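Scroll down for the structure; my scribbles are underneath it.
The values are calculated or read from the model by the stated rules, or taken from the named source; none is laboratory data. Keep in mind it's a predicted model, so treat the numbers as computed, not measured. Every residue, glycine among them, receives a Cβ derived from its backbone with ideal geometry; neighbour counts consider all protein chains shown.
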Amino acid sequence: MTRDARCQRTERILLARLEELARALEGSGASNDAISRLLESASIATMNAIALNLLSAQAAETIWREVEQRHPAVAPLKRAA
């Protein structure tokens, strides 16, 4: 697998995970604490992917920003995570 293919795969996985978390937040009625912990976990995974050069910092910022734009409820919880 090429580096570009790995990066694209990592981007797709991160996007899918964040979308899943955002939909859970919007539809589950789960507590903000529970969702914040899941977002914190996703944030840590993002940082690790960047550190391992599986994802660029710019791509990660773009993915998080796009998810926050589509799902505004994620933004304040992400900042709290």
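Which condition number does GLU66 fail, the rest of (1) under 14 Å from GLU19 (Cβ atoms); (2) at pLDDT below 90 being met?
Going through the list (1) under 14 Å from GLU19 (Cβ atoms); (2) at pLDDT below 90, GLU66 breaks only (2).
For SER36, state whether it is within 16 Å of VAL74 (Cα to Cα), among the polar types (S, T, N, Q), modelled with pLDDT under 85 and over 12 Å from the mean Cα position of the chain (by Cα).
Numbers: within 16 Å of VAL74 (Cα to Cα): yes; among the polar types (S, T, N, Q): yes; modelled with pLDDT under 85: yes; over 12 Å from the mean Cα position of the chain (by Cα): no.
No; evaluated as a whole, the condition is false for this residue.
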